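For reference, the structure discussed in these notes is given below.
The values are calculated or read from the model by the stated rules, or taken from the named source; none is laboratory data. What you are looking at is a predicted structure, and each value in this text was computed from that prediction instead of being measured. Here the Cβ positions follow ideal geometry from the backbone for every residue, glycine too, while neighbour counts run over all protein chains shown. To get the accessible areas, we keep the full protein, side chains included, count just its heavy atoms, and leave off ligands, DNA and RNA. Shrake-Rupley method; radii C 1.70, N 1.55, O 1.52, S 1.80 Å.
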Amino acid sequence: TGGGQGIGLAIARAFADEGASIILADIDPKQEAVESIRAQGAEVTARKVDVTDENQVLDLFSGIPKLDILVNNVGTYGPVKKIVDMDRAAWDRTFAINLTSAMLCCREAVKLMSARRSGNILNIASNVARRGLPYRGCYVATKWAMLGLTQTLALETAECNIRVNAILPGPVPTPHLDEVMKLHAEVEGKSTAEVAEDWRLSAPMKRFIQPEEVGKVAVFLASDLSSAMTGQS
Ligand code: NAD
């Protein structure tokens, strides 16, 4: 999901390199994204779908005859506000995009996968799924919740030979990151370049992560190289 740009597209391209047939389910499945995967020689179908809409999710999955891997990647940065100033509507919308969409897609994917007793689900969380971050309480809460969803679904589906794991990337240069750094600059009274530098220096390796590096982790987790791993983050 959300394969139209950024991390989702990089993950789709990493799977395309491994010979997967890809469905890009995105509210805006950009033609250039589809073409870039096709140019790799992979089979790709673009589906324009809002994954927060239950009926659209049902429609998406009803058209899939065989599903090996689901990547729940859709996410938004949410309101950049302290909890004390939180806007209820923005909070609810962010939970719908970041968490409820993943539950809906997991629910439908598990039905397809358990019938074949085989499947692999990857949930894209964030490094803030294990800590707090001022002004981002809503995003942080959705990402911690993604780990709860991951661990519980892993326990519920292991008997059907389905594995469920989460990936927690640090900052990855994408349109999402550019927008949210600008908003942090506003509330923190800094320039966007200063925010970018703070975030780079707070990363253990003192650098941002490339989307392709997340793609490689996704391939590892969906492959037999990680055959004993489930419920992990
Ligand atoms: P992005 O905003 O660049 O791309 C998100 C994609 O999701 C877009 O193609 C968008 O059209 C699609 N999308 C948004 N809402 C949708 C909806 N309701 N239905 C269907 N498609 C929808 O984001 P990104 O930076 O590539 O992030 C992808 C995921 O990785 C998110 O879950 C994000 O929280 C997480 N993440 C990002 C970073 C980072 O630094 N970029 C770090 C950690 C985790």
Ignoring any ligand, DNA or RNA, what whole percent of the accessible area of the range 1-63 comes from carbon and sulfur when the probe is 1.4 angstrom? 44 percent
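Summing -39500 (n - 2.57) over the DSSP H runs of n ≥ 4 in the chain and dividing by its residue number, what mean residue ellipticity at 222 nm do you reach, to the nearest 500 deg cm²/dmol?
Result for the chain: -15000 deg cm²/dmol, rounded to the nearest 500.
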Once the piece of chain linking ALA89 and GLU197 is laid out straight, how much longer is it, given 0.36 nm per residue of separation minus the C-alpha distance between them? 35.7 nm
Return one whole number: the accessible area per residue of the chain in Å², for a 1.4 Å probe. 49 Å²
Helix check for the chain. Which DSSP H runs span at least 18 Å along their own axis by Cα, with a mean Kyte-Doolittle hydropathy no less than -1.0? 101-116, 137-157, 175-188
With 0.36 nm assigned to each residue of separation and the Cα-Cα distance removed, ALA228 to ILE64 gains 56.4 nm
Within the range 135-233, list the trypsin sites (Lys or Arg not before Pro) lying in a DSSP loop whose Cβ has at most 16 other Cβ atoms in a 10 Å radius. LYS190, LYS206, ARG207
Run the numbers on the range 144-203 and let me know its relative contact order in percent, using alpha-carbon pairs under 8 Å that are six or more apart. 22 percent
Describe numerically, in nm with one decimal, the distance between label points set 7 Å from Cα along Cα→Cβ at ARG38 and at ASN55. 3.0 nm
Report the calculated FRET efficiency for LEU155 and SER21 (r = Cβ-Cβ distance, R0 = 25 Å), to the nearest 0.05. 0.30
Within the accessible area of the range 83-123, what % is carbon and sulfur when the probe is 1.4 Å and the other protein chains stay in place? 59 percent
For the full complex of protein chains and a 1.4 angstrom probe, list ARG13, ARG130 by accessible area with the highest value first. ARG130, ARG13
